Amino acid sequence: MVTTSSTLTANVQWLTASPLWSELSGQADTTGFRRPVILRFATDTFMSDLQSVLQSSPQTLRNYYAQGETWTQPAAGLDNAGSQPLKLFQPVQSRFYVIAASLVCRKPGLPDHTIDQGAGEAVAFVVRQLRPKPSYTTADLATYDATKCIEYAWTAPSNAAASAQPGWTQVPQPSPEVAFPPTSLVAGEIQMPLAPSQTAGNGASRRTLVGLIPASRREQYVSAQTLGDAGGITASGAGAESSGASADASDATQDPRADMLNRTVIMPWRQLHHWWHGLSAADQSNDKTSAQISSAFILADFASFLSSWIPNVWEALQNSANTGQLTLAELALYNGMGANLQQAILKANQYEPQFEALGSADALPAGYPQFSLTDSGIIGPLSLQTRVDAALPPLGTVNQPPSPQPVPQNPTDPQGNYWFIVRCVYVRPQCAAIANRSVMSPPSQPFQLAGYYDPDAPARRVQVALPLDTSLAALRKYDKGISFLLPPELRNQMSRAASLQGLSTGSLNPPGSIGIGWICSFSIPIITICAMILLFVIVIALNLIFFWIPFFKICLPVPTLQGNK
């Protein structure tokens, strides 16, 4: 018998966790009954706690229903709804969130649907990001409404060479006016596992599918790039161009070559300029060699960049007869560099192996010309960057380098007020005759993901016990269990600081000539004392700026703590 897509979806459905059925199904709004539920736990033993609740007292599962909360107003349970939006905190903040749902057949009694793992069937859940459609804002996403939002699926990139990082792919939408909830997975969508757990009650046993929501991936989700549109579909399933929200400017693919140039050439050059012009004339005379060494490394990196990504200009630098083959933008870059900078780039490329072997020596290789990017009469770093950007060949015509980091979205709110949902999915790969081989649940309640330093987040209690007895007789007993290996170069550099006063004024001894390294062993208990004292010194000093002492610490007496016992 041939199974159709409509038959599959009509016979199987997702509902909330079975211990909540009697309560949520009796409400006027049955949305909570027909969607997965997010459960909140506040202990590291959350999985064993969940198993215990489902086995011994499933009726108390209602007390774990996730609600918006802060560390001053913790909340969980169906009866504790507050005014705060639902925000999921991270495990480091002592919060764990589990998605729970039941996969059932549409029959009297709603029996559990059998998952045939031997035939390749599986259950999983996916995390999706919500973005507002035109004329709506993120404030409209606190309650899920398909007419107001567009879903983005967390997908692996289709071309691993272009980007090794996953990103967000727009889920197909027919139009911004029509509510058309997604019913299937997006190609490449990353699925997370659901595990079965038995729920006891009334002499019967039901299966509840649970999975841990990865709240700690918040930074990865927020900073990920948008990979594109999965392709629009209409209500009838035919392909069509989506007329939903237009792509943001932040979604445009940035050129990783421009980022590479900025990291290796432009920013170091600008920082060199800033440092150099902050020196007095006497200090500039003393530090001229340092500026030349820094310039040599920057020029060597620039030569490598040109040879890799603008080969026409690089060939012209090596042979001026090749300038006739340059485009207008490439010729503008070539002429803008000027003769002095052109020769400096070639020399830096020639002497790069000697630069790498310099070590800590304060001298340039013999034969290398004394050239500094701080000299007058050469193009500035920002002007050079503009010319290089214009001369880069189109990205589609070259082998695109891997991006040093995912292209970040540009949040209007610095805290990144992104909204997410979770959908459970039942996959039947053996149903080749079905266009839609998966049964997807309605969305969970929308939620935000808290950052690491979210002020609303609870703090995990951490206690560091310092040594009880700090007398010399007691401290000498601690083993020096931590060793620092100081190579000869670092040892010589440290020996140049004759005193704290000399270090602050820049009066340093000449570098030593003895090539002997050190292994210095330290005692961890004493290091913790030093770290605490140094912490308080810095905090008290910066209190003059921030006035933060009243919010920084609280010291409580512990009468039973006796250091000499």
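No lab work stands behind these numbers, since they all come straight from the coordinates. Bear in mind that the values here come from a model prediction, so they are computed numbers and not experimental data.
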Let me check the size of the stretch 256-397 from its C-alpha atoms; what are the radius of gyration and Dmax in Å? 15.3, 50
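Taking each pair of distinct Cα atoms in the stretch 34-136 once, what is the resulting Kirkwood hydrodynamic radius in Å? Show your work: numbers first, answer last.
Values: mean 1/r = 0.0614 Å⁻¹.
Answer for the stretch 34-136: a Kirkwood hydrodynamic radius of 16.3 Å.
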Of all alpha-carbon pairs in the stretch 267-345, indicate the percentage at a distance above 16 angstrom. 58 percent
Enclosed volume per residue, in Å³, of the convex hull spanned by Cα atoms of the stretch 91-152: 194 Å³
